[in-house]
Every structure is written in C-alpha cells, then in structure tokens.
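The values are calculated or read from the model by the stated rules, or taken from the named source; none is laboratory data. Because the structure is predicted, anything quoted here is derived from the model rather than measured. Here the Cβ positions follow ideal geometry from the backbone for every residue, glycine too, while neighbour counts run over all protein chains shown. Quick note on the areas: whole protein, heavy atoms, side chains included, nothing else; ligands and nucleic acids left out. Shrake-Rupley method; radii C 1.70, N 1.55, O 1.52, S 1.80 Å.
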Amino acid sequence: MEYLHTMVRVGDLEAALDFWVNKLGLVETRRIDNEKGRYTLVFLAAERDIANVEKTRAPQVELTWNWDEHEYTGGRNFGHLAYRVDDIYATCRKLMDAGVVINRPPRDGHMAFVRSPDGISIELLQRGESLPPQEPWASMPNTGSW
C-alpha cells in the first residue's frame, strides 16, 4: 500500500490556493479542469516532496473545487493533515503575519494547529527535537477549535 493524496473540497479555489500555496508554502504540481463535470482538481505538494511526486505522484493534497457548490461543513470530520517544518516558531510567525489564526500555538516548541479557509485542521510538527519554549508562544492561549 502507498499513500497517494488527501482530497479536500474547497468552496473558493482562489482563497484556498492563497492559503495552501502563498501562506502554507505548498507547490502546485498539476491541475485538471473538467468542463463536462464542472470541477477543477489542483494537486499540491510540500517542497521537499516534489522529487517523490515527480516519480510516483505522491504524497499530495488534492483540492477539489466543484464549480456549482461553494459551501461545505464538517471539515474536521476526517481529522487533520500533518506537515513537518524546520522551525515551528518561524512557520507560525510567517502564517500569523499572513493573517492565519494559530488555533493551537506551539507552546511546547513542537506542535501547532491552524485551519484552512474551508475549516480543514492542519497540524504543524517541529522537525527533530522540540525547540525550547519561547514567547509569545509559551503563554499564547488556544483560539477556536483545532
């Protein structure tokens, strides 16, 4: 068995791409526009996974935009996506500066959670050992659900 991708339905493709690509840093690897089916599929990968994607088309996130449907609920019903990052604090700072709410701050120097515009929960994990606790993260409360 080999993991291929996770499909996430999005209500606003441009807002979704702004989050996943411009803010989170994933790279668009391919796009399929299906006029007959009235949908667009956009496949994304983490930069460090591009070589694997070129060989096996995995691992990826597939954003599915159904042209005639724009609202989805229950985004957390499948759990979350997880990505390992080189510096949890720098990643969270970059996301905050871009207007993303840090729902579960990295108080422990290891783990944080954010949500996409469509309510998808995303776990960010520090690569290697946890970083020493530091402010403002150490005393920052949770916001919303994650």
Residue, surrounded by the fewest Cβ atoms within 10 Å (Cβ to Cβ), within region 114-132, restricted to residues that are in contact with a helix residue (DSSP H, G or I) (Cβ under 9 Å, 6 or more places away or on another chain) and over 19 Å from Met7 (Cβ atoms): Arg127
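Which residues, taken from region 1-45, are of a type in the set (Gly, Ala, Ser), closer than 20 Å to Lys94 by Cα and open to solvent by 10 Å² or more (accessible area, probe 1.4 Å)?
Correct list: Ala15, Gly25.
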The condition from (1) open to solvent by 80 Å² or more (accessible area, probe 1.4 Å); (2) not in a helix (DSSP H, G or I) that Arg48 misses is numbered (2)
Matching entry among Tyr83, Tyr72 (being under 26 Å from Lys94 (Cβ atoms), of a type in the set (Ser, Thr, Tyr) and out of contact with any Phe, Trp or Tyr (no Cβ under 6 Å at 6 or more places or on another chain)): Tyr83
Taking region 96-113 and keeping residues surrounded by 20 or more Cβ atoms within 10 Å (Cβ to Cβ) and in contact with a helix residue (DSSP H, G or I) (Cβ under 6 Å, 6 or more places away or on another chain) leaves Ile102, Pro105, Pro106, Ala112
